[in-house]
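What follows is a set of notes on a single structure, which appears directly below.
The values are calculated or read from the model by the stated rules, or taken from the named source; none is laboratory data. These figures come from a predicted structure and were not determined experimentally. All Cβ positions, glycine included, derive from the backbone under ideal geometry; neighbour counts span all protein chains shown. Quick note on the areas: whole protein, heavy atoms, side chains included, nothing else; ligands and nucleic acids left out. Shrake-Rupley method; radii C 1.70, N 1.55, O 1.52, S 1.80 Å.
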Amino acid sequence: SGGLAAVDKAQKEAPKEQAFKLSGAAQLSLSDGRRFDLAAIPDRPPSIALTEKPRNNARGSMTLAFSAADDYGVVSAEAVFSKPPGGRRALYEPPRLALALPPGGGGQGEAKATIDLSDSPFGGAKLEMRLVAKDAADNEGASEPVVVVLPQRRFVKPLARALAEQRRILALDPDSRANVRAALEALSLAPEVFDTPSA
């Protein structure tokens with residue numbers, strides 16, 4: 001009835017919206033005879049860079065200060081770690097951790113993010129790190145790589161510290177498994193030295 005007719009009338013009067021993808025220069029002609037020349041502006045990849053030296057924290061986290069920018073806005077950012085060039089193959093993939101975007105519009109501006117690496121087998125290892133940002137069109141921009149020593153959880157007990165060290169050695173170089181096995185066997189010879197409860 002009356003309410004329905006009003007909705008129908010509003011829908012008829014509402015302008016129609018259409019989306020087009022421009023891949024180059026074009027001309028738009030309207031039904032009233034007006035014409036507009038359109039030029040496509042290429043979507044550039046986002047930029048991201050550290051603004052301060054990365055800081056390792058006591059509990060195995062790392063604080064990163066960075067800035068991000070893009071012509072249409074940044075939708076995601078992450079810290080990507082890799083072994084320095086020339087390194088041997090690793091047992092695990094180095095970590096990739098998401099970063100909280102700057103609070104400004106479009107994920108742009110300066111920010112600080114704290115990433116948790118406390119459970120990483122690479123704790124204490126020297127790795128290369130790049131910050132990577134993506135925009136809505138999946139264009140990717142990366143910072144200059146920097147070499148960092150990943151933070152690691154601090155173990156008070158000597159046995160825990162020795163086991164974490166052997167885990168890092170194995171993670172970085174699986175070919176060292178014979179040496180790691182020998183070290184683990186040596187650690188198990190006299191558990192009383194480490195104040196380890198016997199089974």
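Laid out as a table, the results:
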quantity	calculated
Accessible area of segment 45-191 belonging to carbon and sulfur atoms, whole % at 1.4 Å probe	52
Alpha-carbon centroid distance for the pair segment 25-60 / segment 119-142, whole angstrom	21
Packing-based order for 21-27, 146-152, 52-58, using average beta carbon neighbours within 10 Å, highest first	146-152, 52-58, 21-27
Long-range amide H partners of Asp71 with built H, under 5 Å	Arg44
Burial order of peptide ranges 29-40, 177-188, 158-169 (average beta-carbon count within 10 Å, highest first)	158-169, 177-188, 29-40
Residue-normalised accessible area of segment 83-173, expressed per residue, 1.4 Å probe, Å²	59
Filter on Lys21/Lys83; Lys83/Lys134; Lys21/Lys53; Lys53/Lys83 - keep pairs with C-alpha separation over 30 Å	Lys21/Lys83; Lys21/Lys53
